[in-house]
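The values are calculated or read from the model by the stated rules, or taken from the named source; none is laboratory data. Everything numeric here is computed off the predicted structure, so don't read it as measured data. Cβ coordinates were reconstructed from backbone atoms using ideal geometry, including for glycine residues, and neighbour counts include every protein chain displayed.
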C-alpha cells in the first residue's frame with residue numbers, strides 16, 4: 001500500500017465524474033427549465049462568440065452567471081447549492097468513476113477534484129465523499145451574488161495554477177489524472193498516468 005503522501009489522484013468533475021455539466025443542471029434546479037431555456041436563448045450571442053474563439057471561456061461563463069444569478073441573496077443561493085449537492089448531484093455521478101475514486105482512497109492516495117464548476121454547488125458533495133476540491137469561486141458583495149467570478153475560472157491552465165498553489169507536486173512519486181475535455185489537458189499533462197475520457201457515460 002502506498003503512503004498517502006506519495007500518490008496523488010486528480011479528477012475533473014463535469015463530464016468526467018458526472019454524466020452532465022453541474023453548472024447547467026444547477027441553473028435548471030435553481031430557476032426551473034423555462035427560465036433556463038429562455039436565459040440561454042438570450043445569452044446565446046456570448047456563447048457563439050466563445051465557440052468562435054472571439055472571447056475566452058471565463059467571459060462567456062460570467063455573462064451566463066450574471067444573467068441567472070446577479071443580485072441573488074447569498075444565503076438563499078448557498079442553501080440551494082447545498083440542496084443541489086445533496087439531492088441532484090449524486091444522481092449525475094457515473095458508477096465507474098466513483099468506483100475508481102474510491103479505489104484511490106482505499107489505497108490511501110490523496111484525491112482532489114479540480115473543477116470549473118463553482119464550489120457553491122459541488123463542495124458539499126465532495127465533502128461527503130471525503131475528497132478535497134479546487135473549484136471556481138463566485139463573488140459575493142453585501143450579502144448578494146454578483147454573477148462575477150472571484151479570481152480566475154478554474155479551467156485549463158488555471159487548474160494547474162490552483163493545484164500548484166495548493167500543494168507541492170514534487171512530494172508525490174505518482175500522479176494520476178482524469179479528465180474529459182480540452183480544459184483538462186494541462187492538468188492531465190502533470191500526471192504520469194493521465195486518463196482521458198476514461199469512464200463510461
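Residues checked against (1) on the phi < 0 side of the Ramachandran plot; (2) out of contact with any strand residue (DSSP E or B) (no Cβ under 9 Å at 6 or more places or on another chain); (3) touching a residue at least 24 places away in the same chain (Cβ under 8 Å); (4) exposed (fewer than 13 other Cβ atoms within 10 Å of the Cβ):
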residue	(1), (2), (3), (4)
49	yes, yes, no, no
55	yes, yes, no, no
63	yes, no, no, no
67	yes, no, yes, no
71	no, no, yes, yes
86	yes, yes, yes, yes
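Give all pairs with beta carbons closer than 9 Å in which a residue from the range 2-31 that is closer than 20 Å to residue 108 by Cα meets a residue that is surrounded by 15 or more Cβ atoms within 10 Å (Cβ to Cβ) and at pLDDT below 95; count only pairs at least 6 apart in sequence or on separate chains.
Going by the 9 Å Cβ cut-off, the qualifying pairs are 12/181; 12/183; 17/199.
Which numbered condition in (1) under 22 Å from residue 138 (Cα atoms); (2) at pLDDT 95 or above; (3) loosely packed, with under 15 Cβ neighbours inside 10 Å; (4) under 19 Å from the mean Cα position of the chain (by Cα) is the only one that residue 80 fails?
That leaves (3) as the condition not met.
Quick check on this structure: which one of 192, 139 is over 17 Å from residue 97 (Cα atoms) and without any contact (Cβ under 8 Å) to a residue 12 or more places away in the chain?
Result of the check over 192, 139: 139.
Could you go through the range 35-42 and let me know if any residue there is crowded, with 19+ Cβ neighbours inside 10 Å, without any contact (Cβ under 8 Å) to a residue 60 or more places away in the chain and touching a helix residue (DSSP H, G or I) at 6+ places or on another chain (Cβ under 6 Å).
No, every residue in the range 35-42 fails to be crowded, with 19+ Cβ neighbours inside 10 Å, without any contact (Cβ under 8 Å) to a residue 60 or more places away in the chain and touching a helix residue (DSSP H, G or I) at 6+ places or on another chain (Cβ under 6 Å).
Of these, 116, 97, which one is within 21 Å of residue 184 (Cβ to Cβ), out of contact with any helix residue (DSSP H, G or I) (no Cβ under 9 Å at 6 or more places or on another chain) and crowded, with 16+ Cβ neighbours inside 10 Å?
97
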